[in-house]
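A short write-up of the structure that comes next.
The values are calculated or read from the model by the stated rules, or taken from the named source; none is laboratory data. Keep in mind it's a predicted model, so treat the numbers as computed, not measured. Every residue, glycine as well, gets a Cβ built from its backbone with ideal geometry; the counts of neighbours run over all protein chains shown. Surface accessibility is based on the protein's heavy atoms, side chains included, excluding ligands, DNA and RNA. Shrake-Rupley method; radii C 1.70, N 1.55, O 1.52, S 1.80 Å.
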Amino acid sequence: MTLPPDPRPFGIYVHWPFCRSKCPYCDFNSHVREKIAADAWEAGLIADLKRQKARFEAAGLGTRAVSSIFFGGGTPSLMAPRTVAAVIETIAHLWPLTTDCEITLEANPTSAEAENFAGYAAAGVNRLSIGVQALEKDALGFLGRTHDPGEARRAIGLAAKHFPRFSFDLIYARPNQSVAAWEAELRQALDLAVGHLSLYQLTIEPGTAFYGAHARGDFALPDDALAGDLYEATQALLTGAGLPAYEISNHARPGQESRHNLLYWRYGDYLGTGPGAHGRLTLDDGSPLGLKRATRAHKAPETWLAALERGEDGLTETESVALSDRLIELTMMGLRLTEGIPVARFGREIGQPPESALDPTGLSRMIDGGFLTLTDTRLAATLAGRQRLNALLTQILPEDAA
């Protein structure tokens, strides 16, 4: 008996952990290897998808339709197009795909990798996300990028030729960056962009090359006041150009938002495959809220692949997400969005409205201070609240959940 697709779609994240070089600001699970056994990695990803389908099928995952696939990294544009095609074909064999399934691949704009854009489109990718990071030569050098501004522009042109939807990233709040210089760079970006831009403030993360360099005083970041001015200038310029922020760091024309990333921020379900990949799946256990399962794969690439080659899981752990953690994740992710969090989502995920689930004193303080709004249907952070989200969250999350 063939069952119809479950009306609750979910996404699949595919992690490719390899890069040509490690960027000094990057704290992602990315690794540089002299040689990569492409056939073995293709087989490993396919095997892991099949094992996870079997593991969760009895709990209701088997008939759910896939609404988005995201190839992230690392640098997925180092994958051969045939590997990307094989992974997409496997997913489509294991699960139904929604008719508008979004399939995104992250790419670097170097000439060698851009040559594969046509192959990725033929493989089924319909959205590209390009890691440009800067349009100024000196800034690219500081950020450790191996492309130049000309390559970035050519890659964006190729993306427009081969993909119906594409985006690219820029990093701001760099050392010695003024508001005027950033606005000029943003205007260049808007001349190249079509429907989507991701604009990230530079942060210093432990374990990165920048962490040690910053601690030694090799460079300084803009102070809080200038960083705030840069953020506000970003919002004003992009909103005026018709690409308002729909999330703290992401801007899009209406209808051009990243559907896969919206799935994360709306606390939807997704399966993760590849080294270090995470997943969140709400499984049917007969309870009103369902059983939320968190999965995590082996982080080290060779450990993950060896486990699959032995016929074992690539997952290192799978555990239930406690109700208090569901509240934290729902609130942290949802308040990043301009749209905020529907009250109905609180009911579906934790069985309580926000005014009962969150700290009432802190909630009232943040509303009175102009950092949050709460209506009968929605809780949302204002522009000021999103700019100070970490501090806001400490005020509204209950002490036993924070």
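Considering segment 205-223, the residues that are more than 19 Å from Ser178 (Cα to Cα), in contact (Cβ under 8 Å) with a residue 40 or more places away in the chain and assigned to a loop (DSSP other than H, G, I, E, B) include one that is nearest to the chain's Cα centre (by Cα), namely Glu205.
Against the conditions (1) under 30 Å from Arg165 (Cβ atoms); (2) in contact (Cβ under 8 Å) with a residue 24 or more places away in the chain, Leu305 satisfies every one except (1).
Only one of the numbered conditions (1) out of contact with any Pro (no Cβ under 7 Å at 6 or more places or on another chain); (2) touching a residue at least 40 places away in the same chain (Cβ under 8 Å) is violated by Thr99, and that is (2).
In this structure, does Ile12 turn out to be part of a strand (DSSP E or B), of a type in the set (Val, Ile, Thr) and touching a residue at least 24 places away in the same chain (Cβ under 8 Å)? Full working, then the answer.
Numbers: part of a strand (DSSP E or B): yes; of a type in the set (Val, Ile, Thr): yes; touching a residue at least 24 places away in the same chain (Cβ under 8 Å): yes.
Yes: the conditions hold for Ile12.
Would you call Leu263 touching a strand residue (DSSP E or B) at 6+ places or on another chain (Cβ under 6 Å), open to solvent by less than 10 Å² (accessible area, probe 1.4 Å), at pLDDT 95 or above and not in a loop (DSSP other than H, G, I, E, B)? Taking the combined requirement at face value, the residue does not satisfy it. Among the conditions (1) over 23 Å from the mean Cα position of the chain (by Cα); (2) over 28 Å from Ser258 (Cβ atoms); (3) not charged (D, E, K, R), Leu374 misses just one, which is (2).
One residue stands out among those in segment 185-202 that are of a type in the set (S, T, N, Q) and without any contact (Cβ under 8 Å) to a residue 60 or more places away in the chain: the one that is surrounded by the fewest Cβ atoms within 10 Å (Cβ to Cβ), which is Gln188. Strands (runs of 3 or more DSSP E) fully within segment 285-402 that include at least 2 residues being closer than 30 Å to Trp16 by Cα, among the aliphatic types (A, V, I, L, M) and open to solvent by less than 40 Å² (accessible area, probe 1.4 Å): 291-297.
Give all pairs with beta carbons closer than 9 Å in which a residue from segment 238-257 that is on the phi > 0 side of the Ramachandran plot meets a residue that is in a loop (DSSP other than H, G, I, E, B); count only pairs at least 6 apart in sequence or on separate chains. Partner pairs satisfying both residue conditions: Gly242/Arg253; Gly242/Pro254; Gly255/Gly195. With respect to Leu238, determine if the residue is in contact with a His (Cβ under 8 Å, 6 or more places away or on another chain) and more than 30 Å from Ser324 (Cα to Cα). Here the answer is yes, as Leu238 does meet what is asked.
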